[in-house]
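Below: the structure, in C-alpha cells.
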Amino acid sequence: LLSVHPYILPPFPTAVAMRKSKSKSKLKKRQIGHGDSEQPPAKKLRGRAASISIAVGRNVSIPTDVVIDIMSFLPPRDLLHTAFASKALRNAVTTTMVLKSAIMTGSPSVQKTMGDIRQLMSSRAIQAPSPLRLLRLACGTRCEICCVTAMKSTSKGLGMFVCWKCVNQGHFRHWNSQWPHHQASMHKFDALFDHPRVAFHQPRSVMYMPSKPMRDASGESIGPIVTFFDVKKMVAHSHGFSAYIANYLYAPTPSVYDDFKSAIIEVDTIKRERASREAMQRRIPSVSVPKYKMIKKMLHKLAKLI
C-alpha cells in the first residue's frame, strides 16, 4: 500500500534522526540555561516549603497567609475552584471562610441554603458538615442522589439537595400521623417529632425521613441524624430521645456545633460592621465640583506656569 501511495502516512523517524533531535534539544536547554532572556521552570514546592509559600508561576510565589486572606473575599464558586487547585489550598478552607463567602457575596438561593443549614445546625438535627462539604452546598445546583435534576437550594429540613423524584424512590420513607400505631401513642410520637434534633422534610401533611444514614460521594455523613427506622426505637427507649441519639446514633459532639455557632457569630459581626460603614458613607454628602470650575482652576495654574 505504501509503495503505491507513498504519501498516505508520514515516514517514521530513523534512529539517526532521533539521536540528532535529542542532541539539538539538549543544546537548546544549555543555551536557555546560560541565557538571560528565558528562565528555567520553577521547581514545585514540597513539604515545609509548600506550607510557607505557593508557587503561581515561574520563580513567583505568594505566602500562604496572603492567599488565605484573598480566598476569604471570593464568591462561593470562585472559592470552590481556588480550593481544589491544590491540596494546600484545600486544607486551608475553614467554616468561617465559607460562611463569609456565602453570606456576604452569595446569591439569594445560596442565602436560602445557608439559612436552612444554619437553622438545622442550631438545633443539632443534621450531621455537622465539614468546610468542604459546606462549600459544595453553597455551590450546589443538582440533586445529590440522581445528579440530574436541577435545584436552586437544599430541601427544607434535610440539609442536602434532594429532588422530589428521589424522595419518592426509596431513599426516603414517609411517616403519616394518621397511621394506627401513631394514633395509639400520639403524645409520644408528637413529642418525638417536636424534638429539636429530629429533622424531616414536610411538604404537606406527610413527613419524609431518610430510610438509612446517608453519605456523600466523599464518604462524609450527611443529612438528618434520625432516620425513619429510628422513630419506633426512640419511642420505645426508656431513657429518653436525647440518650438514644447520643448512645445509639453516634451523633457529633456538641463542641462541633459550637464551632459552627461561633463561626456564624463572627460572620454576623462582620456583616453588621460592613452595613454600618455603608450607612455612614451614605450619610456623608458627596461634594461635587462643576466641571467648568475645575477647568478654570486648571487654566489659571497653567497661566502662572507660562
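The values are calculated or read from the model by the stated rules, or taken from the named source; none is laboratory data. All values reported here derive from a predicted model rather than from experimental measurement. Backbone-built Cβ (ideal geometry, glycine too); neighbour counts: all protein chains shown. Surface areas here come from the heavy atoms of the whole protein model, side chains and all, with no ligands, DNA or RNA. Shrake-Rupley method; radii C 1.70, N 1.55, O 1.52, S 1.80 Å.
A quarter of the convex hull surface defined by the alpha-carbon atoms of region 119-192 gives 6.3 nm² as the mean projection. Cross-link pairs exceeding 30 Å between alpha carbons, from the set LYS152/LYS261; LYS152/LYS188; LYS100/LYS188; LYS152/LYS212: LYS152/LYS188; LYS100/LYS188. For ARG124, the accessible area of its heavy atoms, probed at 1.4 Å with every protein chain present, is near 80 square angstrom.
Rolling a 1.4 Å probe over the protein chains gives THR149 an accessible area of about 50 Å².
Across the protein chains, with a 1.4 Å probe defining accessible surface, the residues HIS201, HIS81 rank HIS81, HIS201 from largest area downward.
For a straight C-alpha distance cut-off of 20 angstrom, the aspartates and glutamates reachable from LYS232 (same-chain residues fewer than eight places away being disregarded) are ASP190, ASP194. Heavy-atom accessible area, probed at 1.4 angstrom with all protein chains present, ranks TYR292, TYR257 as TYR292, TYR257, highest first. Only aspartates and glutamates eight or more places from LYS112 in sequence, or on another chain, were considered; those with a Cα closer than 17 Å are ASP268. Taking one quarter of the surface of the C-alpha convex hull of region 51-158 gives a mean projected area of 7.7 nm².
For the pair TRP179 and ARG277, label points projected 7 Å from Cα toward Cβ lie 5.4 nm apart.
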